[in-house]
Amino acid sequence: MSDATKIEARFAKDVATHEMTVLLDSGLHRHLRFAAPQPNSWLHWFEIVTWPGHLAITGDMESFATKADADTFMSSRMPDMFEFFRGKGINPNYWSQKVSGGAGVKEFSRDEFRKEVLDYISGSVRDYPNLIDEVYADILSDESIRTVEAAHDALAMFEYKDFRFEDTHELDFERFTTHYLWCCHATVWGIAQYDAAKKPQAVAS
């Protein structure tokens, strides 16, 4: 099961009992709160707020654009941001370009680092038979490498015979954070709950 699938399944479980409370619904100005019933209303609660050209999601799942003590993910695309997110699967890559501030969207991943490094050296192992062993010993087994900067530094310092890592700035050692992906799902799901509540109720015959 991929990380994305795991997060989608986790989100569905986290909001299984959530209820929507409309705090404001005035044209493009909306304030919606989603939370489980008491006494668990604090767990995985979130709010969606819109105003012309913007959407913010705030709550229990990390910060995406720091504003005082709020945890907020903001986007700007069109006057009604519900139209931008409505009825779609999540699109983390594209949506991340709309995040104000960018904090918390991506994080260093040792798995991605390992993948990128092994892909990089794959074309050189024939010329350097022991290259993989040397890379594992000097770089991939180093648990102190926990940031993108440290990863690039480690690659820059690596030497094996006449092999060197070059142009590593193009390599991507990050992946989207769990909290960011959770909020992507929450945005789409929350809008769907709002739309369902706004639909005229069928009149019983």
remark   = Among strands (runs of 3 or more DSSP E) completely within the stretch 1-53, the ones holding 2 or more residues that are loosely packed, with under 14 Cβ neighbours inside 10 Å are 19-26
Number of positions in the stretch 2-45 that are modelled with pLDDT under 90 and among the polar types (S, T, N, Q) = 4
query = Just wondering, is there one or more residues in the stretch 125-139 that are touching a helix residue (DSSP H, G or I) at 6+ places or on another chain (Cβ under 8 Å) and among the polar types (S, T, N, Q)?
reply = no
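Sort out which residues of the stretch 54-64 are assigned to a strand (DSSP E or B) and either of a type in the set (Asp, Glu) or in contact with a Ser or Thr (Cβ under 7 Å, 6 or more places away or on another chain) (or both), and write them in order of number.
If we filter the stretch 54-64 for residues that are assigned to a strand (DSSP E or B), which is where we start, we get 54-59.
Result: His54, Leu55, Ala56, Ile57, Thr58.
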ask   = If you go through the stretch 92-104, how many residues are in contact (Cβ under 8 Å) with a residue 24 or more places away in the chain and assigned to a loop (DSSP other than H, G, I, E, B)?
value = 7
query = Which of (1) of a type outside the set (Ser, Thr, Tyr); (2) assigned by TED's automatic domain parsing to the domain that holds Asn91; (3) touching a helix residue (DSSP H, G or I) at 6+ places or on another chain (Cβ under 7 Å) is the odd one out, the single condition Asp142 does not satisfy?
reply = (2)
ask   = Just for the stretch 117-136: of the residues that are aromatic (Phe, Trp, Tyr) and more than 18 Å from Glu170 (Cα to Cα), which one is nearest to the chain's Cα centre (by Cα)?
value = Tyr136
inquiry  = Filter the stretch 46-83 down to the residues that are modelled with pLDDT of 85 or more and β-branched (Val, Ile, Thr) and list them by number.
reply    = Ile48, Val49, Thr50, Ile57, Thr58
message = Any residue at all in the stretch 167-188 that's assigned by TED's automatic domain parsing to the domain that holds Ile57 and among the small types (Gly, Ala, Ser)?
response = yes
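The values are calculated or read from the model by the stated rules, or taken from the named source; none is laboratory data. What you see is a predicted model, and the numbers here were worked out from it, not measured in a lab. Note that each Cβ is placed from the backbone with ideal geometry, even for glycine, and that neighbours are counted across all protein chains shown.
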